[in-house]
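Reviewing the structure listed below.
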There are 2 protein chains.
Amino acid sequence: MKAREAIVLAMMVLTVVLAASGQEGNAKAAAAIRKADQDWMAAFAAKDVNQAASFVAPGGAMYEPNAPATLGQEAIKKSLGGMFQMTGEKLTWTPTLVEAAKSGDLGFSSGTYEFSFKDPSGKTVNDKGKYVTVWKKQPDGSWKVVRDIFNSDLPAGH
Amino acid sequence: MKAREAIVLAMMVLTVVLAASGQEGNAKAAAAIRKADQDWMAAFAAKDVNQAASFVAPGGAMYEPNAPATLGQEAIKKSLGGMFQMTGEKLTWTPTLVEAAKSGDLGFSSGTYEFSFKDPSGKTVNDKGKYVTVWKKQPDGSWKVVRDIFNSDLPAGH
């Protein structure tokens, strides 16, 4: 084998390997995001403020309805702390569409949520809606939240 | 140069080229998403239903507050048509964070919006809030909306 043939062969092999790893990285990254999405929900279910906030990337933000943006882990801890103290508070969500870029460094989860709590009179209030969470792979390999946003399906003032 | 040395050299060159193109693709893709974000806003400003809906990818959805998800171009056309008919309707937005994956096939824009219209009594109603739009590069090279979601900064019932 001559040098030039060897170079061409190496390039062909690399092209195939990279194309295949790109495809695989996509599905693998999407699966990792889906897992992170559900691990995050488990931290909410456990009402663990520190654990839940730890899923937010540096500079990450939560965009809650009817409130200014909550920017950064410390502000998010305060916001979640308030939420977790609501009587009978329960939040679950179901990702219905999860995708990741071929490069496996950025992706999103989106879907539906159900939220309930008891008002001061003890009556259960039920909300349901939809969400989009943008996830970014961190230098340590973990997936963290860059932006999380949701809103209600129910008429305003419900 | 022996064949083995040629392969090693080719691989080193390719690694550097790919790493560099990955970096460039990111910034270039983010700039393309920022442009698409603002082109989309121009279609809203022109109250052009077909043009505005054309920015939505097949299977794409808009998640409006206090309404179920609006899925697909036809449903989005209907929704936008209603919005554009509101008296004095004006919607503008400003992307404050735009990022794209290294592979340049997926990214997002996020930021703030301002929305105003006149109610039946002729009084101007002002809303402001935040949004996240997930963009996906299409086979024809254009960027289209996979998910768009927003909510208000103002207290409920404002």
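Please work out if residue A:112 is hydroxyl-bearing (Ser, Thr, Tyr), more than 7 Å from every other protein chain (Cβ to nearest Cβ), part of a strand (DSSP E or B) and over 16 Å from residue A:30 (Cβ atoms). Working first, answer last.
Working: hydroxyl-bearing (Ser, Thr, Tyr): yes; more than 7 Å from every other protein chain (Cβ to nearest Cβ): yes; part of a strand (DSSP E or B): yes; over 16 Å from residue A:30 (Cβ atoms): yes.
It is true that residue A:112 is hydroxyl-bearing (Ser, Thr, Tyr), more than 7 Å from every other protein chain (Cβ to nearest Cβ), part of a strand (DSSP E or B) and over 16 Å from residue A:30 (Cβ atoms).
All of A:96, A:87, A:92 fail the test of being within 12 Å of another protein chain (Cβ to nearest Cβ) and either in a strand (DSSP E or B) or surrounded by fewer than 22 Cβ atoms within 10 Å (Cβ to Cβ) (or both), apart from A:96. For region B:34-53, the tally of residues that are surrounded by 15 or more Cβ atoms within 10 Å (Cβ to Cβ) and farther than 19 Å from residue B:111 by Cβ stands at 4. The set of residues in region A:27-78 being away from every other protein chain (no Cβ under 14 Å) and assigned to a loop (DSSP other than H, G, I, E, B) consists of A:46, A:47, A:48, A:54, A:55.
Being modelled with pLDDT under 95 and not β-branched (Val, Ile, Thr) is a property that residue B:95 lacks.
Restrict the check to region B:108-120 and report whether at least one residue is surrounded by fewer than 16 Cβ atoms within 10 Å (Cβ to Cβ), within 18 Å of residue B:37 (Cα to Cα) and in contact with a strand residue (DSSP E or B) (Cβ under 7 Å, 6 or more places away or on another chain). Yes, that holds for at least one residue. Could you list, in sequence order, all residues of region B:117-154 that are in a strand (DSSP E or B), more than 7 Å from chain A (Cβ to nearest Cβ), in contact (Cβ under 8 Å) with a residue 60 or more places away in the chain and among the small types (Gly, Ala, Ser)? Within region B:117-154, no residue meets the criteria.
Taking region B:121-134 as the region of interest, how many residues are among the hydrophobic types (A, V, I, L, M, F, W, C) and buried (at least 18 other Cβ atoms within 10 Å of the Cβ)? Explain how you work it out, then say what you get.
We begin by selecting, within region B:121-134, every residue among the hydrophobic types (A, V, I, L, M, F, W, C); these are B:125, B:132, B:134.
In the following step, the residues that additionally are buried (at least 18 other Cβ atoms within 10 Å of the Cβ) were identified as B:132, B:134.
Selection size over region B:121-134: 2.
Pick out the one residue from B:157, B:104 that is within 14 Å of chain A (Cβ to nearest Cβ) and surrounded by fewer than 16 Cβ atoms within 10 Å (Cβ to Cβ).
Working: B:104 fails: surrounded by fewer than 16 Cβ atoms within 10 Å (Cβ to Cβ).
Matching residue, one of B:157, B:104: B:157.
The values are calculated or read from the model by the stated rules, or taken from the named source; none is laboratory data. Because the structure is predicted, anything quoted here is derived from the model rather than measured. Using ideal geometry, Cβ is built from the backbone for each residue, glycine included, and neighbour counts are taken over all protein chains shown.
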